[in-house]
Amino acid sequence: MINSDISMDVILEAMSISYDSIFMVNIERNNIVAFRKSDKLPKEFWDFVSENPSYDELLKYYVERYVSDDSDQMLDMVCLDALSKQLKDQPAYSYDHRINRNGETLWYRMRIVNFSDGPELSLFIIGFENITNEKNREEILYGTGKKLLIISEKIDYSKVLENSFNSDFDMICADGINEGWLNLVEKAGEIAAIILDYTILKEACFNFLKKYSRVQRYKSIPVVVVLSVVTPELEVKLLSEGASDIIVSPINVELAKTKIRSLIRLRTASSLHNIPKVDPLTGLYSKDYFYEQVEEIIQSDNESKFILVVSDIEKFKVINERYGIDVGDEVLKYFADSFKKAIPNYVIGGRIGGDVFAVLQRDLCFTFDENIKIARKLIANAPVANLVINQGVYSIDREENLTAQAMCDRASLAMNSIKGVYGKYFAVYDDKFRQDLLIQQQIVDNMEHALRNKEFQVYLQPKYDVKNNRVAGAEALVRWIHPELGFMNPGMFIPIFEKNGFIKNLDGYVFEQVCHTLDRWKKEDKCLVPISINLSRRDFEVEDLADNIIGFVDAFGIDHSLIHFEVTETAFIENAGVITDIIEKFHDAGFVIELDDFGTGYSSLTTLNSIDIDVLKLDMSIIKNYVPGSERNVLEFCMQLVNMMGLDAVAEGVETKEQVEKLAQIGCDYIQGYYFSKPIPIVDFEKYLLEKNSNN
Ligand code: C2E
Ligand code: CA
Ligand code: CA
């Protein structure tokens, strides 16, 4: 089933390095989910998306309102029928188009990636990438949409030239060499080619050519000289001074245009070749060239099996900030060099992002252990200590026929799935990713409906007071009884909700349920024990959280001490100021504050001292690792801390009798765990409570 390591965020991250909007289209279920919403499109559009249109309806809506190109053509090319055909024999398809927004024209690339299971198109992701800059650069390179600079003297005559070309080009007409030169200097970026009129300007043309050929950046702008009388000597002289070609007056317009156009193409093509193939800092291939080479190598070598490994230095930004750019550069160089030297069967390497490297390896004797060993060694010798590199592997499957970029995307997807996961630095892309993606999509897609439909249920797990042999309270733990996926533990959906913010709604619901329960217990004269509610760090984003909660509780007339809040240390550390203030309000109002998962984070004594907590919840890892009497004993240390600070302690995840006894021995009396009870439905908890507490 789902792997909770791979969150929606991870997939988005891999998908969305450059995408403004991302949609997932599920044809079978006839729904479209927007993962990311570009602010380049107006609210009406996003409202329309949420009305659950079909793919073709949505496409039509988009194309008709925003696309400024030939809209019929776009509909023909990317409608569902067309996509089904396009994606039959390739995994992805792109369509470039222009949109018009608030008077601004933007170029967008619509990229469709097929995630279907079988041959039928049933599931795909669409990303919209703003490629306006790229397109502008391309236009500059290919000279499209650019101008001819005509340098002549008599305005009349330049008119003749202008009339010859203006059906195909925009013009700048300059009167004389000086004005021509000034125009070139000021507007070089707009100029595709120069027409220099020798018939009028004569020898002055050589002055122009001399200056022109000295400037490197004008090399991509060809100069065509117009002559009325051509002698071989003059031709040679002009060409050797820097002219690109000659046309003869009176001008054969068609011939001249063809000449100019092919000159522009030639020049720009050669300047395209100047796009660096190698990243100057690391000596690895640049991104595009790396992709190109990977595809070539794979095609030319049918025998070998290849793998692509993408590596990323964790928190590279921090290195730059802490040690300076020079050290950052040194780290990058170090890894690039080491990859070349240390990786077995290294074929080529590329730098595909600021701190992201990709290496093509021949998969002759590749093992996990080997790669991990190598990575460890590299890290140990790196110029900066305690670096972490994450690596993702895609084992190249020729059948899948992916572009090199798509292969790197998959390796990155695997890599991102372990980012921040302690002790895991290496992951391989496999089909499970697709499955996870589907389930995650279903979760996001269903969450709102599920909340309205009461599919979320609050379970209670008893906290047991060993000394007095009674139930001291309970923790509210949410479950999702999903109509298709069945019973789901929070590990499957809470991390997703924490990322997309829905946790705020869910926790609000749990809180209300807890209040209703306590209220009912009071009315039914049942035994009253406190219930703790988990607060996620996102809950603290809710406006007026403390006032709202207090108001709600007071409306029921529930005693504040019956409600406990559990907050994790990591939440505190991430957003100390805001959370500390809210917690203080809760604490002052008489709610009980428990610090959850204690022992897994990094809180210092100072942090502990600065927040108003009443209870430390000792994480189950501390209890599992407990060896009595051993020297550096975390559990005993925690208990000393608890006593010193006058707090209570609850041990979590207690499963055995031995653990209970040991805990009692060191003075930890409150215990929560399977040994006493799993989290159970509220009605079952009531029975449990009645049974355990009735004798006291
Ligand atoms: P947590 O707050 O640390 O909750 C304790 C987890 O340990 C629960 O998992 C519980 O079922 C499990 N547990 C209790 N006793 C034992 C034991 O003896 N052995 C073992 N192996 N496990 C035990 P659960 O219910 O799956 O919840 C997982 C996490 O999800 C919770 O960890 C909490 O962080 C989060 N969560 C659950 N419900 C909510 C909620 O309503 N709101 C928020 N924000 N988070 C929730
Ligand atoms: Ca908890
Ligand atoms: Ca916990």
Whichever residue in region 469-481 is within 24 Å of LEU562 (Cα to Cα) and surrounded by fewer than 18 Cβ atoms within 10 Å (Cβ to Cβ) and, among such residues, is farthest from the chain's Cα centre (by Cα): ASN469
First in region 85-109 and within 30 Å of ASP397 (Cα to Cα), second anywhere and among the small types (Gly, Ala, Ser) and in a helix (DSSP H, G or I), Cβ under 7 Å, 6 or more apart: PRO91/ALA406; ALA92/ALA406
Residue tally, condition in contact (Cβ under 8 Å) with a residue 60 or more places away in the chain and not β-branched (Val, Ile, Thr), over region 667-693: 15
Flag for GLY283 being at positive phi and modelled with pLDDT of 85 or more: yes
Subset of region 110-119 [touching a Ser or Thr at 6+ places or on another chain (Cβ under 9 Å), touching a residue at least 60 places away in the same chain (Cβ under 8 Å) and not in a strand (DSSP E or B)]: PHE115
Selected residue (only one of THR580, THR570 is within 14 Å of ligand 1 (Cβ to nearest atom) and at pLDDT below 95): THR570
Residue match in region 597-610 (condition: within 16 Å of ligand 3 (Cβ to nearest atom), at pLDDT below 90 and either among the aliphatic types (A, V, I, L, M) or touching a Cys at 6+ places or on another chain (Cβ under 9 Å) (or both)): yes
Listing of strands (runs of 3 or more DSSP E) fully contained in region 406-494 that carry 3 or more residues being more than 30 Å from GLY127 (Cα to Cα) and more than 16 Å from ligand 1 (Cβ to nearest atom): none
Of all residues in region 515-531 being part of a helix (DSSP H, G or I) and surrounded by 15 or more Cβ atoms within 10 Å (Cβ to Cβ), the one that is farthest from ligand 2 (Cβ to nearest atom): LYS522
Whichever residue in region 565-602 is in contact with a helix residue (DSSP H, G or I) (Cβ under 6 Å, 6 or more places away or on another chain) and on the phi > 0 side of the Ramachandran plot and, among such residues, is farthest from ligand 2 (Cβ to nearest atom): GLY590
Residue count, region 646-658 (criterion: away from ligand 2 (no atom under 14 Å from the Cβ) and either out of contact with any strand residue (DSSP E or B) (no Cβ under 8 Å at 6 or more places or on another chain) or without any contact (Cβ under 8 Å) to a residue 24 or more places away in the chain (or both)): 5
Odd one out for ASP614 among (1) closer than 18 Å to GLN513 by Cα; (2) more than 15 Å from ligand 1 (Cβ to nearest atom); (3) acidic (Asp, Glu): (1)
Residue satisfying all of: in region 554-564; out of contact with any helix residue (DSSP H, G or I) (no Cβ under 6 Å at 6 or more places or on another chain) and among the hydrophobic types (A, V, I, L, M, F, W, C); nearest to GLU594 (Cα to Cα) among these: ILE563
Of residues in region 650-672 being assigned to a helix (DSSP H, G or I) and away from ligand 3 (no atom under 16 Å from the Cβ), the one surrounded by the most Cβ atoms within 10 Å (Cβ to Cβ): VAL660
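One line per residue, one yes/no per condition, for (1) out of contact with any helix residue (DSSP H, G or I) (no Cβ under 7 Å at 6 or more places or on another chain); (2) at pLDDT 90 or above; (3) closer than 23 Å to SER304 by Cβ:
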| position | (1), (2), (3) |
| --- | --- |
| ILE348 | no, yes, yes |
| GLY353 | yes, no, no |
| VAL359 | no, yes, yes |
| PHE366 | yes, no, yes |
| ASP369 | yes, no, yes |
| ALA380 | yes, no, no |
| LEU387 | no, no, no |
| ARG398 | yes, no, yes |
| ASN401 | yes, no, yes |
Complete set of residues in region 178-195 that are closer than 21 Å to VAL248 by Cβ and part of a helix (DSSP H, G or I): GLY180
Within region 618-633, tally of residues that are surrounded by fewer than 18 Cβ atoms within 10 Å (Cβ to Cβ) and in contact with a Gly (Cβ under 8 Å, 6 or more places away or on another chain): 2
Matching residues, region 482-495, being among the hydrophobic types (A, V, I, L, M, F, W, C) and either within 16 Å of ligand 3 (Cβ to nearest atom) or buried (at least 16 other Cβ atoms within 10 Å of the Cβ) (or both): LEU485, MET488, MET492, PHE493, ILE494
From the options GLU498, GLU512, residue that is part of a helix (DSSP H, G or I), farther than 17 Å from PRO679 by Cβ, under 38 Å from the mean Cα position of the chain (by Cα) and within 16 Å of ligand 3 (Cβ to nearest atom): GLU498
Residue, surrounded by the most Cβ atoms within 10 Å (Cβ to Cβ), within region 413-462, restricted to residues that are out of contact with any strand residue (DSSP E or B) (no Cβ under 8 Å at 6 or more places or on another chain) and small (Gly, Ala, Ser): GLY420
Neighbours by Cβ (under 6 Å, 6+ apart or cross-chain): first from region 492-505, touching a residue at least 12 places away in the same chain (Cβ under 8 Å); second among the acidic types (Asp, Glu): LYS499/ASP9; LYS504/ASP539
Those residues of region 561-584 which are without any contact (Cβ under 8 Å) to a residue 60 or more places away in the chain, surrounded by 18 or more Cβ atoms within 10 Å (Cβ to Cβ) and more than 34 Å from the chain's Cα centre (by Cα), in sequence order: LEU562, ILE563
Hits in region 358-405 (condition: aromatic (Phe, Trp, Tyr) and not in a helix (DSSP H, G or I)): PHE366, TYR394
Per-region count, region 220-258, residues small (Gly, Ala, Ser) and within 14 Å of PHE165 (Cβ to Cβ): 2
Among (1) crowded, with 18+ Cβ neighbours inside 10 Å; (2) more than 13 Å from ligand 1 (Cβ to nearest atom), the one test that GLU594 misses: (2)
Criterion: loosely packed, with under 13 Cβ neighbours inside 10 Å and more than 19 Å from PRO495 (Cβ to Cβ) - qualifying residue of GLY557, GLY599: GLY557
Helices (runs of 4 or more DSSP H) completely within region 196-310 that count 1 or more residues being more than 51 Å from the chain's Cα centre (by Cα) and crowded, with 19+ Cβ neighbours inside 10 Å: 198-201, 204-214, 232-241
Residue within region 623-644 that is touching a helix residue (DSSP H, G or I) at 6+ places or on another chain (Cβ under 9 Å) and within 16 Å of ligand 2 (Cβ to nearest atom) present: yes
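The values are calculated or read from the model by the stated rules, or taken from the named source; none is laboratory data. Everything numeric in this text was worked out from a predicted model, so none of it was measured. Cβ coordinates were reconstructed from backbone atoms using ideal geometry, including for glycine residues, and neighbour counts include every protein chain displayed.
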